[in-house]
Amino acid sequence: MSFGELPIVSYLLKVVDILVVWYVIYKLIMMIRGTKAIQLLKGIFLIILVRFVSNYLGLTTLQWLMDQAIIWGFLAIIIIFQPELRRALEQLGRGRLFTRNTVNEDEERMRMVEAIVKATEYMAKRRIGALISIERETGMNDYIETGIMLNAHVSSELLINIFIPNTPLHDGAVIIQKNQIAAAACYLPLSESPFISKELGTRHRAALGISEVTDSVTVVVSEETGAVSLTKNGELYRDLTIDEFRELLTGELVPATKAPASSRWQWRGKKHG
């Protein structure tokens, strides 16, 4: 009996085999999350589900159609997911598919936070209206596509320049994705909550709206008062000082520095009203 044929070893190898397959599937899903490809993937799962249901109910014609879709589906997947597959192969070649440098990522996030805080402080003092949304787990590609693509490094100077009044990109939101400014002049969905204060304008409603449909963190600078606000998970925190804003933003974007529950911003920030 060989080593691999031992009962315990055989069982462990099967477990490892399943875990590796699930991990690869998980990484692939994470790569296409937030893109239109995820919707196509849902369509493929629906076709497979219909195939099993039609087989169970004896719907032969529908079953034949689903069989054809599945047979030719592999070629369709290669064509449809060509950009995602190419990106996966590139990352595999760079050794980045199964690795994650948490330390470097946190440092990059801290630099991004400081750039946003610096820009926000500058714009708040001069009452320059701004709307900045930072993507987290939920993809925001659909909203990025409504704006002007930038794919630029996050810097306070660039953020300030984008929101200077009467410039081509100042109207709309900046969306930050993967520590880069993905696009500017983006359209965000407006919140329809009846509990929002009437004194809040379109920027605040857009910030609340995007926080209701994604897990993003969105920064708002009021053009009328220069007040700094932040939205997350459908909640609006208003009239934050710069120190409170920095603490809250850092706690949300850099998990290692999560702010304690007794932080000052929690009792100063006004929710919705």
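The values are calculated or read from the model by the stated rules, or taken from the named source; none is laboratory data. Everything quoted here is computed from the prediction, not taken from an experiment. Every residue, glycine among them, receives a Cβ derived from its backbone with ideal geometry; neighbour counts consider all protein chains shown. SASA here: full protein model, heavy atoms, side chains in, ligands and nucleic acids out. Shrake-Rupley method; radii C 1.70, N 1.55, O 1.52, S 1.80 Å.
Specify which of the listed residues (Glu135, Glu145, Glu157) is out of contact with any strand residue (DSSP E or B) (no Cβ under 9 Å at 6 or more places or on another chain) and farther than 17 Å from Thr202 by Cβ. Let's see the steps before the verdict.
Details: Glu135 fails: out of contact with any strand residue (DSSP E or B) (no Cβ under 9 Å at 6 or more places or on another chain); Glu145 fails: out of contact with any strand residue (DSSP E or B) (no Cβ under 9 Å at 6 or more places or on another chain).
Testing whether each residue is out of contact with any strand residue (DSSP E or B) (no Cβ under 9 Å at 6 or more places or on another chain) and farther than 17 Å from Thr202 by Cβ leaves just Glu157.
Can you pull out every residue in region 116-130 that is hydrophobic (A, V, I, L, M, F, W, C) and open to solvent by 10 Å² or more (accessible area, probe 1.4 Å)?
Within region 116-130, the subset hydrophobic (A, V, I, L, M, F, W, C) is 116-117, 119, 123-124, 128, 130.
Passing the criteria: Ala124, Ile128.
Return the pair list, or none, for Cβ contacts closer than 8 Å from residues in region 67-87 that are surrounded by 14 or more Cβ atoms within 10 Å (Cβ to Cβ) to residues that are at pLDDT below 75 and not in a helix (DSSP H, G or I), at least 6 apart or on different chains.
If the second residue must be at pLDDT below 75 and not in a helix (DSSP H, G or I), the pairs left are Glu84/Thr35.
Please enumerate the residues belonging to region 233-252 that are surrounded by fewer than 19 Cβ atoms within 10 Å (Cβ to Cβ) and outside any helix (DSSP H, G or I).
Once the filter is applied, which keeps residues that are surrounded by fewer than 19 Cβ atoms within 10 Å (Cβ to Cβ) and outside any helix (DSSP H, G or I), region 233-252 yields Asn233, Gly234, Glu235, Asp239, Thr241.
Just give me the residues in region 202-232 being out of contact with any strand residue (DSSP E or B) (no Cβ under 9 Å at 6 or more places or on another chain), assigned to a loop (DSSP other than H, G, I, E, B) and under 17 Å from Ile132 (Cβ atoms), in sequence order.
Gly226
Pull up region 22-41, narrow it to residues that are at pLDDT below 75 and of a type outside the set (A, V, I, L, M, F, W, C), then point me to the one that is nearest to the chain's Cα centre (by Cα).
Applying the filter and picking the extreme gives Gly34.
Residue by residue through region 173-198, note down the ones that are open to solvent by 10 Å² or more (accessible area, probe 1.4 Å) and assigned to a loop (DSSP other than H, G, I, E, B).
If the condition is that a residue be open to solvent by 10 Å² or more (accessible area, probe 1.4 Å) and assigned to a loop (DSSP other than H, G, I, E, B), then Lys178, Asn179, Tyr187, Leu188, Pro189, Leu190, Glu192, Ser193, Pro194, Phe195, Ser197, Lys198 are the ones that fit.
Just checking, how many residues over region 131-169 are open to solvent by less than 50 Å² (accessible area, probe 1.4 Å) and either assigned to a helix (DSSP H, G or I) or farther than 21 Å from Leu249 by Cβ (or both)?
Total meeting the criteria: 10.
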